[in-house]
1. Would you mind giving the mean number of other chain beta-carbons within 10 Å of the Cβ of each residue in A:82-94, as a whole number?
2. Within 10 Å of each residue's Cβ, count the other Cβ atoms and sort B:184, A:31, A:116 from fewest upward.
3. With the calculation restricted to Cα positions, what are the radius of gyration and Dmax of the protein assembly as shown in angstrom?
4. Regarding chain B, what are the three Cα extents along the principal axes, ordered largest first, in Å?
5. With charges set only on the Cβ (+1 for Lys and Arg, -1 for Asp and Glu), what does the dipole of the stretch A:193-243 come to about its Cα centre, in debye to the nearest 20?
6. Restricting to Cα pairs below 8 Å that are 6+ residues apart, what does the relative contact order work out to for the stretch B:129-186? Please round to a whole percent.
7. Could you go through the stretch B:168-174 in sequence order and give the Karplus-derived ³J(HN,Hα) for each residue, using 6.51 cos²θ - 1.76 cosθ + 1.60 with θ = phi - 60°, rounded to whole Hz, and x for Gly and Pro?
8. Based on the Cα atoms of the stretch A:104-272, what semi-axes does the equivalent ellipsoid have, where each is the square root of 5 times one gyration tensor eigenvalue, given in whole Å with the largest first?
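A short reminder: the numbers here are calculations on the coordinates, not readings from a lab. Model, not experiment: these values are computed from the prediction. Methodologically, a virtual Cβ is constructed for each residue, glycine included, from the backbone with ideal geometry; neighbour enumeration extends over all protein chains shown.
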Number of protein chains: 2
Amino acid sequence: MKSQNNGETSPRRARGRPRGWEDKTAQNTIKSLDRAMEVFEFLSEAQGKALTVISAEMGQSPATVYRVLVTLEGRGLVEFDPVEQVWHIGPQAFVIGARFLRRTSLVDCARPLLRKLMEETGETANLGIEKEGSVLFLSQVETYANIRAFFPPGTLSPMHASGIGKALLAEMDEARLTRTLQGKPFEAFTEFTITDLAALRDNLAEIRRAGFAIDGEEKNLGMRCIAAPVFDVNGEAVAGISVSGPTSRVGRDDIARLSGSVMEAAQALSLAIGGHATRRRT
Amino acid sequence: MKSQNNGETSPRRARGRPRGWEDKTAQNTIKSLDRAMEVFEFLSEAQGKALTVISAEMGQSPATVYRVLVTLEGRGLVEFDPVEQVWHIGPQAFVIGARFLRRTSLVDCARPLLRKLMEETGETANLGIEKEGSVLFLSQVETYANIRAFFPPGTLSPMHASGIGKALLAEMDEARLTRTLQGKPFEAFTEFTITDLAALRDNLAEIRRAGFAIDGEEKNLGMRCIAAPVFDVNGEAVAGISVSGPTSRVGRDDIARLSGSVMEAAQALSLAIGGHATRRRT
DNA sequence: TTTACGTTTTTCATATTGTGAAAATGCTCT
DNA sequence: AGAGCATTTTCACAATATGAAAAACGTAAA
């Protein structure tokens, strides 16, 4: 498990991180900062709550929570609504968060491809990545149709009930798969949701064979979704592209037609970010 | 300027904030948290920097910055790139930031209108609000054309050189105008940028008369933009809608045609969010 | 391979400063 | 007017954040 130091191009090597650097960082976190960020995240999940409610639900002193909120308010990360007397996430949080997308060229590369995909298929096209065992939707181009499937960017969705999620899971090796899935019970959203590991494994094998994943009303009734993985330079699946729409337009008969476009877009994105068009052959 | 307490429906009144509540919050901010957030914001502006660089540029101890970053990393707000050995904004920041949009229904209400506006005009349609003396772009629907004006959501832009910015400035009263503009020198981006207050005032008067604002290559050469204000329930301008495109397609002759659509969309949004279709008559 | 250098972590002693309980303040509703 | 409730502030204490310096570590040069 020693560092292998044999990266092919090795643009400039790491310097200074100790030997086993998996996740041993726990003793030099700042406690008060971590507690403050807990408040920040809590507020983002449950917006529009009053101070008392927040402090009660978090089991913290109102005074402390108050000071955290006031401090964050000073930077616009949080906002106070003086009419409703409740706290919200502030605009500065949006500004900073949006800069995450700037980091990787993934979104920039993807947008023209998403648009093309949407125009070809007529359905909303989505881009997502994996984030801590969930699918994080980064960008989308909406269909012209009035009935739409809509995942606002920033939305998190469980892997096991999402097209992009399953497309990513299907490309993971055994260790990563176990790690990603651990501690995540398979919540059943509809009668079609895959709720046990054996069935999921079967489905993943099928996905690998086909090259694309189908979410057939597994998250929302009446909605179907076709997804394909995007590979980076190392041949690892780092993102997924999908189209999603109502079953009326995305029927079983449409799968053959749509999946081709989706896989094509995913391959184009893989190439655009300097990756392999297909999975790594081990 | 005292609180008027005569809101029409007054769903539930505020309780507990002391008398003069302008901005007297300064003594109960948490210093260490504020310093940590400074690091966070600094990183968002200058991504991909190494620890040493960050601490040097911020004039802080490397040890402190390190602990802040490790703490934020533990929550995914920040990420460490072990290859390049630099720090970035993390996905969790995007997740939290995106929830800012959920707070107000502004974006939800606007999207269908932006789409319609884009289809009518053929140009990219944008939605923006004012945030601390700058325009914050919240959402957009892109044109089909290959040459595009593009402000990614989350972008900040100066008020004086932006269509939406000027549309909002034009609706401010004297006090608010002064407050918004103070401490912001009029940076010149092109030869057409308005750089002095007198000229800006003239332009704002013209905008009020016309009902829409034009940014004629004032920020980017070759790009023109037509914007109109959106009013809330109190008749205050809280947002702006615009279309933007290259001067080749958005020429002087197109202004009459486009401005109608823009104003129409802005009025529709005003109504959709429960506001007045036009400015408050004082 | 060994040495030198630059960067990142950790250690450690110190006092800064974050903390919660409780009191004070301010608002709304009866 | 006054009770009741939620938000701020005060205050005394010790938890803990801090920076300097040392240690750990990887890279590049000798």
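1. Whole-number average of other-chain Cβ neighbours for A:82-94 is 6.
2. Details: B:184 13, A:31 8, A:116 16.
Going from sparsest to densest Cβ surroundings: A:31, B:184, A:116.
3. Answer for the protein assembly as shown, Rg first and Dmax second: 24.8, 73 Å.
4. 59, 51, 37
5. Around 100 debye, computed over the stretch A:193-243.
6. Details: 52 pairs, mean separation 20.2, N = 58.
Value for the stretch B:129-186: 35 percent.
7. Per-residue couplings from phi come out as 6, 4, 4, 9, 7, 7, 3 Hz.
8. Numbers: eigenvalues 95, 72, 41 Å².
Ellipsoid half-lengths, sorted descending, are 22, 19, 14 Å.
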